[in-house]
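This report concerns only the one structure given below.
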Amino acid sequence: MSNTQMRADTLTTSGGEQGVDMKFEIVVVPVSDVDRAKQFYTSLGWKLDVDIVKDDGFRVVHFTPAGSQCSVLFGTGVTTQAPGSMQGLHLIVSDVEKARAVLVDRGIEVSEVFHDAGGLFHHAGTEGRVNGAHPKRSSYGSFASFSDPDGNGWVFQEVTTRLPGRVREHDTTFTSPIELAGALRRAAAAHGDHEKQTGQRDQNWADWYADYICREQAGTPAST
């Protein structure tokens, strides 16, 4: 292996310099009945982007979940996968209980909120599931699941603080008012602890909030 190749591998692995952005944007979901699937994903409140029929053997339907940069595509003649074979499709939410409640209100059957017995990423299927959110409400640790009519499996995963380096601080973004409000509430609670530690009111609270929120999303140590 050349030095140049080793350097490129190291940079890619560490999340450093890369030659080109590669944005994951589409997941193809295999379904048996396109109209039924379209009705289901519409009922989730997702945005219908296109429904294009080329002929009897080719149809493309494209949906995007609220706040997502990645979309779902299904139809006729778009995949050789068996209907219902796609599992473990994750939807990242800032509050798994609220996300579950929204779908339940829409008439969708969703599992109870759960965490894994091992405290890490959940096992396949229902193995290792423990009812209730993670005891410490740790980021990445709480889930709820549901399926489309063909059995393609979706999982809500609650993420409030990203792993270090997962998001760069200057790339901090929010995809909905609910997500931003959650970040502000967590910042307010942390700032209250900060003022208790210093014993004085922080006049620069807005700067402190901004720094905390950016660091929380990037997974870097917060200011004290």
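The requirement of being at pLDDT below 80 and loosely packed, with under 14 Cβ neighbours inside 10 Å is fulfilled nowhere in the range 182-192; no residue meets it.
The test for being out of contact with any Phe, Trp or Tyr (no Cβ under 8 Å at 6 or more places or on another chain) and either closer than 23 Å to Val96 by Cα or at pLDDT 80 or above (or both) does not hold for Thr224. Pairing each residue of the range 103-127 that is of a type in the set (Lys, Arg) with any residue that is surrounded by 12 or more Cβ atoms within 10 Å (Cβ to Cβ), provided the two are 6+ apart or on different chains, yields C-beta distances under 9 Å for Arg106/Ser43; Arg106/Leu44; Arg106/Gly45. Of all the residues in the range 44-75, those that are under 27 Å from the mean Cα position of the chain (by Cα), farther than 21 Å from Gly107 by Cα and either at pLDDT 95 or above or of a type in the set (A, V, I, L, M) (or both) number 10. Taking the range 87-100 as the range and being surrounded by 15 or more Cβ atoms within 10 Å (Cβ to Cβ) and polar (S, T, N, Q) as the test, only Ser94 passes. Hey, could you check the range 49-66 for residues that are β-branched (Val, Ile, Thr) and open to solvent by less than 40 Å² (accessible area, probe 1.4 Å) and say which is nearest to Arg36 (Cα to Cα)? Selected residue: Val61.
Condition check ((1) open to solvent by 30 Å² or more (accessible area, probe 1.4 Å); (2) assigned to a loop (DSSP other than H, G, I, E, B); (3) not aliphatic (A, V, I, L, M)) across all residues:
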| residue | (1), (2), (3) |
| --- | --- |
| Ala82 | yes, yes, no |
| Ser85 | yes, yes, yes |
| Val102 | yes, no, no |
| Gly125 | yes, yes, yes |
| Val130 | yes, no, no |
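A residue that is farther than 19 Å from Ser85 by Cβ, within 20 Å of the chain's Cα centre (by Cα) and open to solvent by less than 70 Å² (accessible area, probe 1.4 Å) can be found somewhere in the range 15-36.
Just one of the listed residues (Gln39, Gln69) is free of Cβ contacts under 8 Å to residues at least 12 places away in the same chain, open to solvent by 30 Å² or more (accessible area, probe 1.4 Å) and over 30 Å from Pro135 (Cβ atoms), and it is Gln39.
For Ser145, the conditions (1) part of a loop (DSSP other than H, G, I, E, B); (2) open to solvent by less than 40 Å² (accessible area, probe 1.4 Å) are fulfilled apart from (1). The set of residues in the range 104-115 that are exposed (fewer than 15 other Cβ atoms within 10 Å of the Cβ) and closer than 22 Å to Ser71 by Cβ contains only Arg106.
Quick one: would you say Ser111 is in contact with a strand residue (DSSP E or B) (Cβ under 8 Å, 6 or more places away or on another chain), at pLDDT below 85 and assigned to a loop (DSSP other than H, G, I, E, B)? So Ser111 fails the test.
The values are calculated or read from the model by the stated rules, or taken from the named source; none is laboratory data. Everything quoted here is computed from the prediction, not taken from an experiment. Don't worry about glycine lacking a Cβ; one is built from the backbone with ideal geometry, like all the others, and counts go over all protein chains shown. These accessible areas exclude ligands, DNA and RNA; they are computed on the full protein's heavy atoms, side chains included. Shrake-Rupley method; radii C 1.70, N 1.55, O 1.52, S 1.80 Å.
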